[in-house]
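Structure first, then comments.
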Amino acid sequence: MAINFKKSYRFAVKSATYITLFSAFLLTVLLYLFAEINTIFILAFSASLYVFSFFVLQYRVEHFIYRRVKKIYDDVSLLDSTTLRNKPITTDMVTLTREVQKFARDKKLEIETLKVREEYRREFMGNVSHELKTPLFTVQGYLLTLLDGAMSDKTLRKKYLQRAEKGVERLIYIVQDLDMISKLELGDLNLNYTKFNIVEVVQNVFDMLEMRADKKGIMLMFDMKYLKPIMVFADKDKIQQVVTNLVVNSIKYGKEDGTTEVSIEDLVNNKIIVRVKDNGEGIEKQHIPRLFERFYRVDKSGARSEGGSGLGLAIVKHIIEGHEEKMYVESKFGEGSEFSFTLEKTK
């Protein structure tokens, strides 16, 4: 029965065999030359054996380790690693251990990131399905009612068609926002930078949303009178959309007879910060990190009754980051929220 040596044993056996054969050969030669044992003979034999052993062991160890390390590198390269790929193969154990540990940490982080993304993808698909399903079923319900006999009643027909139209408008609104955020995430922002008065933009948003705010008795206001224009350098239409989305959110989640206040403050390095503050219901701390996710809603039921696509804050975040500016949020549950963003100031 054959004996299965470990690889390290085979390495030792081969190395010992090489040294033994060389030693026997060297001893034969030296005995032939000197014919007797003396100091010179011993020194010559010892030195020759030492030099040969050193180079044999060094070569064998390097070759032994190299083949196995190369196998590790080849296996790792199959995982498309950017950490170890295209690097010279090292046989130094400290360096190899450090590189493999770094690779393991990177892969662990990558796996955890993929798990988070997969969970986010499932949640996102569920949210999209829910957001589209509600208006679709609404439209379908009214149309089926009309087809089942309500068509002959002119008053009922008009009312149901108007309601079905609102459902279609909501579907269009969601699809348009989805299309926009898809372009934003692909970097297709197409910013048109111009100089404009940010105070005027905020006032335009107030004028546009005044009737909506009046329904809840919410007052849209500045924190002070801005007698002089505050000029900024950005995409005017996109920034107006940002302000609109933030003010709409403050109205949606604001309390009855509350306020939405906008302030504009100077910062360092030719920057300003625009703050949109309300005294509404506020946001609990655990929800704040996820506010800018697509379709994420703090109030799962009440928010949908207020309408909207659920993409407003996600769009805001992408627009501000597209300008290479910062977005901030502060909130205390039961007291209100403040969303703010920076812009480049110009003369």
Exercise. Report yes if some residue within segment 184-204 is touching a residue at least 24 places away in the same chain (Cβ under 8 Å), farther than 30 Å from residue 347 by Cβ and among the acidic types (Asp, Glu); otherwise report no.
Key: yes
Exercise. Find all pairs meeting these conditions: Cβ atoms under 6 angstrom apart; at least six residues apart or on different chains; first residue within segment 130-141 and more than 15 Å from residue 175 (Cβ to Cβ); second residue in a helix (DSSP H, G or I) and not basic (Lys, Arg).
Key: 138/167
Quiz item: Can you find even one residue in segment 253-260 that is under 29 Å from the mean Cα position of the chain (by Cα) and either under 18 Å from residue 321 (Cβ atoms) or touching a residue at least 60 places away in the same chain (Cβ under 8 Å) (or both)?
Solution: yes
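Residue by residue, here is whether (1) under 21 Å from the mean Cα position of the chain (by Cα); (2) surrounded by 19 or more Cβ atoms within 10 Å (Cβ to Cβ); (3) at pLDDT below 80; (4) not hydroxyl-bearing (Ser, Thr, Tyr) holds:
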{"position": "274", "(1), (2), (3), (4)": "no, yes, no, yes"}
{"position": "281", "(1), (2), (3), (4)": "no, yes, no, yes"}
{"position": "287", "(1), (2), (3), (4)": "yes, no, no, yes"}
{"position": "290", "(1), (2), (3), (4)": "yes, no, no, yes"}
{"position": "293", "(1), (2), (3), (4)": "yes, no, yes, yes"}
{"position": "303", "(1), (2), (3), (4)": "no, no, yes, yes"}
{"position": "306", "(1), (2), (3), (4)": "no, no, yes, yes"}
{"position": "314", "(1), (2), (3), (4)": "yes, yes, no, yes"}
{"position": "318", "(1), (2), (3), (4)": "yes, yes, no, yes"}
Quiz item: Of all the residues that make up segment 326-337, how many are free of Cβ contacts under 8 Å to residues at least 40 places away in the same chain and assigned to a loop (DSSP other than H, G, I, E, B)?
Solution: 1
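The values are calculated or read from the model by the stated rules, or taken from the named source; none is laboratory data. Treat the numbers as computed from the prediction; the structure is a model and nothing was measured. In this analysis, Cβ positions are derived from the backbone assuming ideal geometry, glycine residues included, and neighbour counts consider all displayed protein chains.
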